[in-house]
Amino acid sequence: MADQIIWKFVHKVRRRIGGQVVRRTLCDVACIGLVSACGISFLSLFIPFYYAFYVESIVLGSAVLVGIGLGIHRVPTLEQAALRTDNKGYQEKITTAFGLRGKEDPFSMLQKQDAVAVIVNLSVPKLFPFKISVQRMLVLLLLAVLLAGSNLLDSPSRQYAREHHAVQVEVKKEMEKVEKVERQLTNKESVSETEIAKVQNQLEQTKKELAKVESAKELRQVKERYLKKMQQTAEQTTDTKLRKALQKQAKQIEQEQEEQKKKLAQDAKQAMEQAKDGKGKEQKLAYDKVKDYAQTNGLEELEKQIEEYKQSDYSEADYVKANATLTQSLQNADRASKLTQKNSQSLDNRESNSSTKRQKNSNSESRTGNGNSANGNSQGRSNNGTGSNGGNQSGSGWNRGSDMGQEGSRKTTDTVTIPEGTLGEDDNLTGKANDSGKMQKSRADQSNAVAGNKVDYGKVSAEYKQKAYKQVDGASYPAKLKKQIRNYFDGLN
Amino acid sequence: MDAVEVQDMIERVRACEEEIGRGIIGQREVIRQVLLAILADGNVLLEGVPGLGKTELVKAISNVLAMQFSRIQFTPDLMPSDVTGTNLIIKEEGNNVFRFEPGPVFSNIVLADEINRATPKTQSALLEAMQEKTVTVGKTTYELPAPFMVLATQNPIENEGTYPLPEAQLDRFLLKVLVEFPKKEELKAILDLTVTNHKIQLQSRLNGEEIVNIRRIIRDMPVADAVMDYALSIVMATHPETEDAPEITKKYIANGASPRGVQAIVKTAKARAFLEGRYNVSFEDIRFVAYPALRHRLALNFEAISDGVRADMVIRDIIGTIQTV
């Protein structure tokens, strides 16, 4: 009987102490977890780390689990529970009695009776009251608030991390698209091995470029190059399915780019409108949006003006200037977009005609011969080229020349051929003299220029025109001259 | 044995303590510790400067316990046979025969006054008596009367002409009790008692047989594992050669306590629990008896002596390092 009473009492004490130990340990370890999470959060304010929040969550979750585990591990044994009770001033009566379980000798019985006499007057909840350490709770609360606060804060580093992550996600998607095209290439018996190898080489190059991408700007550049490569490859390939797949892919990318640009334009416009009557927050947003739009579209003048707008602490005068440039750029972009659409439609018509022709003529060699004859014309026109900025345009050194030389006779549905042997040579690059009188030459982006290949004139013309518009918008020419240049390019069609 | 019987014995021992306290002013702790040694079946070494009433205390104890008492004044010329007794030639029915004449050691309570004044040879005469409760003279071993205990006194400040007790003999004392100088009020009471004609007649409260019975009961007292472990930890911590010995042990102790040390702690702790009216030993009992049980068993090194460190300081620090829960 005495044994049972003692046993039950000690069990009860153990449960009580165990609960408290688990709670206290959990609280302590959670504090450590919160401190670590706060540390990670603060670091992420200065060091770009997109997954900081997830890591914080994992750290906190782990801390809670470890706290519970450690707490359970620290739950006292029955002997320890008895000792803890005795520590309250019971002179080891309960511990001794608990150790004498089953012993029936007179002294043991006396001792157990003595212990029972003590136990019957004891209340476990009173003996071990539920204690909440106010200090601990305050620390916990403070850390939680600190963590929440630091997570709500924004910093350039966090912005960069978000943007970088978005870029990486985009890169991954692009990589998948490239791999899809790569998969489509395999097991295509109708396509020659040389052609497959060439396309694969291009795709590999694109993948390498994608892997190195660090910013949205770089991604856009890589995508543009990829798009051009695909368009070229689609033109060159003899396999209809592959061509269609590539064209579809190119179209999709083009659409995405257009949509992205449109969205950026809309956002920029909207932000500028809000900034007109708005305060610091709206003005900052307008700055960010317009700068993004300007950088995406390579509008240096607009970028410069929006920077001035910010530096002048969002002055009215600079706002007017920046807004005017933005409106002008948007109008130009709209015009260019319409033009591209128009060209695209005519390109589709031409493509369908070309397809029919291909079906009739199975000799691919003869097509190459035609290409060569066109090549001669193109080269001749190239020498007549007088554009000032053509050398800097991506893959367009040869293209610009053709536009200049054939402006009267060339139609948008025509194709031009990249000159063999001359592509990429410095002699074919154009530029303008700098202050020292030296000619500045820069190698054009030739990623989409494959010597001897046919390129759609209408498409090239539209692209070239768009770039010319951008260049004119960004340059500090008199308005009259700008208009004249635009008229010239408008008249090319 | 029932609770009433045990409680009656406890009451009688407490009455003894009270009675001794009537004859000895102050020194409550000393009385308590000597009584604990008696109940735990051990010998006591009382250390204190002259005139503190050490001899009076032993006399008072022997009066109250109603046991045979003998006093041996140890001097340098004291011979072992003066303590143990010797064989004498006695004429018996016309024949000369050797007969053993018991020495003063053949008593229940032996007061070995100023034990450190005798030579080691004579001091050693007590070794067998203290440990085995026997005396061997020639080829014959004689049993000492039960209960038997030695209460020895020594003067700590007078070193000339003294022979410090060897470790082996010190180890045979269950407790070493320090007799402190009385407080002012106690001193006044001592004056009132000793410089007048007023004499206190002490009553005997317990006899030898009852003491033996109480000792038997005390030996049966249970000790919880945790408490036993605590006592063992304290003794282990006095050994500087052990890995987890406290820093103070490594610094100041040359040799730790012997196994007799832990036996002394547990035995005396049981006696204390009994005297406190409990049926179990507590951590507090262990802590209380650790000082008198260990202080003469710790051999302090030269560094301790030069730093003025005493055994009690080391024991206090050791106790402080050992956790109970």
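Since every read-out is calculated from the coordinates, none of them should be taken as a lab result. Everything numeric in this text was worked out from a predicted model, so none of it was measured. We place every Cβ from the backbone using ideal geometry, glycine too, and count neighbours over all the protein chains shown.
Summary of values
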| item | result |
| --- | --- |
| Lysine pairs meeting the criterion (Cα under 20 Å, 8 or more apart or interchain), as found in segment A:2-152 | 17 |
| Fluctuation leader among B:239, B:296, B:198 - chain B, Gaussian network, Cα springs under 10 angstrom | B:198 |
| Using alpha-carbon coordinates, inclination of helix B:184-194 to the longest axis of chain B, degrees | 10 |
| Helix-derived mean residue ellipticity, 222 nm - over chain B, DSSP H n ≥ 4, -39500 (n - 2.57), to 500 | -14500 deg cm²/dmol |
| Partner chain coverage, peptide B:284-292 - average Cβ within 10 angstrom | 1 |
| Antiparallel content of DSSP bridges confined to chain B, in %, to 5 | 45 |
| Under 17 Å from the Cα of residue A:248 - lysines, other chains or at least 8 residues apart | A:173, A:177, A:180, A:223, A:228, A:229, A:459 |
| Hydrodynamic radius (Kirkwood) for segment A:2-152, which is based on Cα pairs only, to one decimal in Å | 18.0 |
| Cα shape, chain B, gyration tensor, a/c 1.5 rule | rounded |
| Candidate lysines for bridging to residue A:281, where Cα separation is under 17 Å - those fewer than 8 sequence places away on the same chain excluded | A:269, A:289, A:291, A:310 |
